[in-house]
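Down below is the structure, laid out as structure tokens.
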Amino acid sequence: MIKRIFGLFGLCLFGFVSGQQSSADVTLDYYLPQSANYDPSVPKPEHIIGHEVGEWHITHDKLVQYMTALANASDRMQLTTRGTTYEGRPIILLTVSSPENLARIDEIKANQQRIASGEKAPSTEDPVVIYQGFSIHGNEPSGSNASLAYAYYLAAADEALQLLENTIVLFDPSFNPDGLQRFAYWANTNRAHVINSDPNDREYSEVWPGGRTNHYYFDLNRDWLPVQLPESRARIETFHDWVPNILTDHHEMGTNSTFFFQPGEPKRVHPLTPKINQELTAAIGDYHEAALNEIGSLYYSEENYDDYYYGKGSTFPDVNGSVGILFEQASSRGHVQESENGLLTFPFTVRNQMSTAVSTLKAANGLKSQLQNYQYSYYKQLKSEAQGEKVSGYLFGSAKDYSSPWHLAEVLKRHRIKHQVLDEAVTVSGKKYEAGQSYFVPLNQKNPRLIHAIFEERSVFADSLFYDISAWTFPHAFGVNYEKLSKVPTSALSEAASLTLRSGEVSAKSTYAYLYEPHDYYASKLTHHLTQKGIRVKVAMAPFELEGKRYDYGTLMVPLQSQALNSEELFKEISELVTSIPVKVTAVGTGRTKGIDLGSNDFEPVNPISVALIVGDGISSYDAGEMWHLFDQRFQIKVTKLDTKNLERADLSRYNRIIFPSTSYGLNLSDRSVDNLKQWVRKGGILIGYRNTVNWLKRNEFLKFETRSATVKEASGLRFDQRDEYQGAQVTGGSIFEATIDRSHPINFGFSESSIALFRNTNIYIEPKKQSYENPIRYSNNPLLSGYISEENLKVLSGSVPFVTESLGAGRVIGFTDNTNFRAFWYGTNRLLLNALFFGEAM
């Protein structure tokens with residue numbers, strides 16, 4: 001496909017002003033194809049929501065209200081609710097087609113599944129299936145607002161009915177209900193009666209964290225593959241139920257841009273994506289080109305955006321025999337805003353999204369046979385690929401951690417990937433895979449490419465620039481061992497069926513003490529609940545053996561001595577806790593061990609924690625949200641979100657732990673704020689800083705350390721238009737690296753191997769300290785496991801340290817250069833933060 005940049009001279013002269021209407025005088029006709037006739041019995045949006053499309057920003061409640069009314073009025077639509085968001089908003093889906101198709105929808109779905117398994121060749125009777133989704137970023141609202149006009153078109157237009165006779169539309173009007181609601185509130189409450197296009201107006205400058213993200217500040221457009229969030233789980237279930245031929249994802253970009261549709265950068269396509277996928281993407285693009293030409297809108301393609309990370313909505317379909325399409329509309333971010341291309345009105349942005357939604361429907365009809373035959377051939381070819389694989393599948397698991405492998409298996413199950421649990425332990429390459437918590441994933445199944453996309457390591461690339469991360473190898477992310485196997489394991493295997501985490505257990509009622517090791521992912525959850533109930537817990541600083549069992553560094557002990565509860569009450573309390581926490585607790589009857597005795601001073605007390613999390617202006621909302629979600633959803637740790645603007649006057653004595661997420665642009669703490677924080681640490685508080693914050697901690701004399709810098713060759717022979725590639729090559733956007741660890745250090749309690757995998761997306765390199773015991777985590781000499789990093793940065797990364805800690809008065813400061821909680825699926829290093837919280841005093 002020839003790169004498209006719209007350039008009709010007359011229309012370019014008018015820029016964005018041509019054909020635009022202000023939100024004050026817009027009507028529905030502005031958006032609708034004039035070639036259609038519309039059924040007057042179908043309610044228009046303004047009759048239900050009380051205003052014209054684009055006059056105000058649609059709130060999610062009104063969006064649902066209109067979609068419900070439309071589904072009740074039209075025989076072309078069926079509305080279902082697939083769950084709720086964290087804020088309780090319904091995650092709705094409209095299934096749209098002709099009444100005849102809806103009458104046999106189960107039959108059509110079953111046939112679509114057979115086509116998308118390579119079992120049935122498509123026929124003219126099989127409708128093409130498209131999944132159209134809008135505004136996964138809540139503050140990119142033109143998509144969801146366009147969904148109002150598009151839904152009306154689907155329900156009322158005669159030409160739409162003709163197209164629907166051959167099409168099933170899975171219509172998702174709001175990928176991100178909570179974010180949409182948050183942004184609509186902001187835009188509407190700051191809208192003036194006299195519309196103001198001045199970019200300096202408050203309307204165009206959201207308060208932190210903005211409406212882009214969901215309740216916990218996650219970017220939902222990075223969760224298609226990890227499926228950790230309720231919004232993602234709903235749409236992934238829909239995707240796998242149907243395996244659509246096309247999936248569209250309507251976004252916005254900077255105000256000074258125009259309109260983008262895929263294909264993206266040709267060199268930045270994942271190697272597992274077939275070439276024909278991009279050819280079909282280009283063919284679909286012809287329809288968008290025609291639609292945008294018709295209304296005189298500027299656009300471009302094959303630039304800026306890539307098709308690499310399979311966790312994005314426009315890329316995930318590409319490894320599933322579908323075609324993903326990204327749309328990016330210049331954002332008015334309110335109702336009208338000045339731009340380099342003239343005044344950019346909100347209705348204009350909505351109109352472009354509406355036009356390309358319709359052109360997608362037309363493309364699906366016009367390319368129906370090509371799309372269906374591609375999908376059928378894709379899965380038929382995968383059967384041959386699966387049979388020709390040099391390996392039989394992937395084995396993953398852990399010798400001592402039940403929960404982390406289970407959570408990876410949970411992801412596989414959500415993606416309909418068959419896997420089996422080991423009924424007997426096996427040892428492969430010197431690593432033990434324990435029965436009941438290790439899994440085998442055979443490649444001889446429906447989609448081995450998706451399996452490879454989840455498990456593979458990759459460090460060779462055609463390009464050095466990435467729109468998002470370059471690595472996401474799930475076994476590394478979940479902190480589990482894994483192997484490619486040439487043969488199916490000889491041990492007994494059972495089908496992994498349950499999505500319910502197992503319960504823990506207490507071996508017996510004790511008269512002396514209870515012990516549990518720190519290896520399971522949820523061990524800290526048990527520790528937290530015990531200490532919050534006033535139950536004394538101590539942690540072992542050395543291994544020991546007791547009653548024939550070896551206990552590792554970091555083993556937790558609950559003694560019966562000096563507890564507020566008697567032995568019966570303590571047993572009952574622990575027994576009740578482990579019904580929902582999958583940790584095995586062992587009752588012991590003596591304190592005499594081989595190693596440190598249970599009464600040894602090498603058992604340190606574990607204090608109840610009271611946690612504050614710094615949030616607000618100058619803080620990365622992504623990083624803060626990941627931690628909030630971790631505490632709130634998985635560990636039920638109450639956390640106070642402490643705004644940066646209140647830091648100078650806040651009573652910090654309420655907390656004994658404060659977490660300082662990565663700083664972003666705009667952090668401007670007053671001297672009083674810094675002093676308040678420093679005095680709190682000196683009095684015994686533990687401050688934990690992440691990523692860019694470690695530099696802030698150094699500048700403000702909380703930490704002392706030396707850093708390394710990469711030596712980059714000067715640009716020679718490069719043109720001006722190559723400068724971005726030269727500079728971008730030094731960005732570490734998201735890769736995975738190996739670090740060796742000292743398991744005796746409290747920061748590493750619970751790890752059972754001598755090395756761990758760390759996710760890194762910064763270029764902060766800290767020199768190791770002179771004393772080896774002060775470097776409990778250190779990057780290996782050949783650290784790259786998966787992803788891209790420049791040779792210059794890799795050189796300085798090798799042997800550097802991602803962790804630093806020092807005492808300050810009676811307190812302690814801890815710094816991490818890396819994100820140990822990345823996007824909710826980096827289970828493997830969550831324990832670093834938890835160890836810092838619970839064992840900070842022992843460091």
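The values are calculated or read from the model by the stated rules, or taken from the named source; none is laboratory data. Everything quoted here is computed from the prediction, not taken from an experiment. With ideal geometry, Cβ positions are generated from the backbone for all residues, glycine too; neighbour counts draw on all protein chains shown. Note: accessible area is taken over every heavy atom of the protein model, side chains too, but ligands, DNA and RNA are not part of it. Shrake-Rupley method; radii C 1.70, N 1.55, O 1.52, S 1.80 Å.
Worth pointing out:
- What the phi angles of region 420-437 give under the Karplus curve with 6.51, -1.76 and 1.60, with θ = phi - 60°, is a coupling list of 10, 9, 6, 8, 9, 5, 9, 10, 10, 6, x, 10, 8, 10, 6, 4, x, 9 Hz, glycine and proline written as x.
- Taking θ as phi - 60° and the Karplus parameters 6.51, -1.76 and 1.60, the scalar couplings of region 392-406 work out to 7, x, 10, 10, 9, x, 8, 7, 10, 10, 7, 6, 4, x, 4 Hz in sequence order, x denoting glycine and proline.
- Model label sites at Lys400 and Lys549, defined 7 Å from Cα along the beta-carbon direction, differ in position by 1.3 nm.
- Summing charges over neighbours of Glu265, with a neighbour being any other residue whose Cβ is under 10 Å away from its Cβ, gives -3 when K and R count +1 and D and E count -1.
- Tilt relative to the chain, helix 230-242 - C-alpha long axis, 0 to 90 degrees, to 10: 60
- With each label modelled as a point 7 angstrom along the Cα→C-beta vector, the Thr579-Gln730 pair spans 5.9 nm.
- Label sites at Asn293 and Asp75, each approximated as a point 7 angstrom past Cα along Cα to Cβ, lie 3.9 nm apart.
- Cut-off 18 Å, label 7 Å out along Cα→Cβ of Leu565, residues of region 505-531 by amide N: 505-517, 523-531
- Semi-axes of the equivalent ellipsoid for region 503-614, computed as √(5λ) from the eigenvalues of its C-alpha gyration tensor and ordered from largest down, come to 20, 17, 14 Å.
- Amide proton proximity set for Gly684, modelled H, under 5 Å, gap of 5+: Ala810, Gly811
- Val460/Thr27 FRET efficiency (R0 51 Å; Cβ-Cβ; nearest 0.05): 0.40
- Length gained on full extension, Ala283 to Arg699, computed as 0.36 nm times the residue gap minus the Cα-Cα distance: 144.4 nm.
- Solvent-accessible area per residue for the chain (1.4 angstrom probe, square angstrom): 37
- Loop sites in region 540-579: GluC sites (Glu not before Pro), DSSP, at most 14 other Cβ within 10 Å: Glu547
- Ignoring lysines fewer than eight residues from Lys683 along the same chain, the ones with Cα atoms less than 20 angstrom from its Cα are Lys698, Lys704.
- Charged side chains reduced to their Cβ positions (Lys and Arg at +1, Asp and Glu at -1) give the chain a dipole of some 2500 debye around its Cα centre.
- Highest mean packing comes first when the peptides 445-451, 349-355, 728-734 are listed by Cβ atoms within 10 Å, giving 349-355, 445-451, 728-734.
- Projected area, mean over directions - the chain, Cα convex hull, nm²: 37.0
- Cleavage-rule hits, GluC sites (Glu not before Pro), region 390-456, DSSP coil, Cβ neighbours within 10 Å at most 15: Glu424
- Across region 25-139, the fraction of Cα-Cα pairs farther apart than 16 Å, rounded to a whole number, is 71%.
- Net charge contributed by nearby residues that have their C-beta within less than 13 Å of Asp724 (K/R +1, D/E -1): -3
- Amide H contacts of Thr555 (H built 1.01 Å from N, in plane; Pro and chain starts excluded): Ala540 sit under 5 Å, all sequence-distant by 5 or more or on other chains.
- By the equivalent-ellipsoid construction on the alpha carbon gyration tensor, region 685-772 comes out with semi-axes of 32, 18, 13 Å, ordered largest to smallest.
- As a fraction of the 1.4 Å probe accessible area of region 212-310, surface on carbon and sulfur atoms comes out at 47 percent.
- Förster-model FRET efficiency, 60 Å R0, Lys638 and Lys713, C-beta, rounded to 0.05: 0.75
- Think of each Lys and Arg Cβ as +1 and each Asp and Glu Cβ as -1; about the Cα centre, that makes the dipole of region 489-535 roughly 240 debye.
- Distances between placed amide hydrogens fall under 5 Å for Ser786 paired with Ile736, all partners being 5 or more residues away or on another chain.
- Ellipticity estimate at 222 nm from DSSP helix runs (n ≥ 4, -39,500 (n - 2.57)) divided over the chain, nearest 500: -9000 deg cm²/dmol
- Computed E for Asn256/Gln387 - FRET, C-beta separation, R0 45 angstrom, nearest 0.05: 0.30
- For region 550-597, fraction of C-alpha pairs farther apart than 13 Å, in %: 66
- Ranking of Ser772, Ser673 by solvent-accessible surface, largest first: Ser772, Ser673 (1.4 Å probe, protein heavy atoms only, all chains present).
- 0 to 90° range, to nearest 10: angle between helix 60-73 axis and the chain longest Cα axis: 50
- Spatial offset of region 460-536 relative to region 85-101 amounts to 34 Å, using the alpha carbon center of each.
- Per-peptide average of other Cβ atoms within 10 Å, ordering 411-422, 811-822, 87-98 highest first: 811-822, 87-98, 411-422
- Against the chain, whose longest principal axis comes from its Cα atoms, helix 346-366 is set at around 80 degrees.
- Ignoring lysines fewer than eight residues from Lys432 along the same chain, the ones with Cα atoms less than 16 angstrom from its Cα are Lys400, Lys484.
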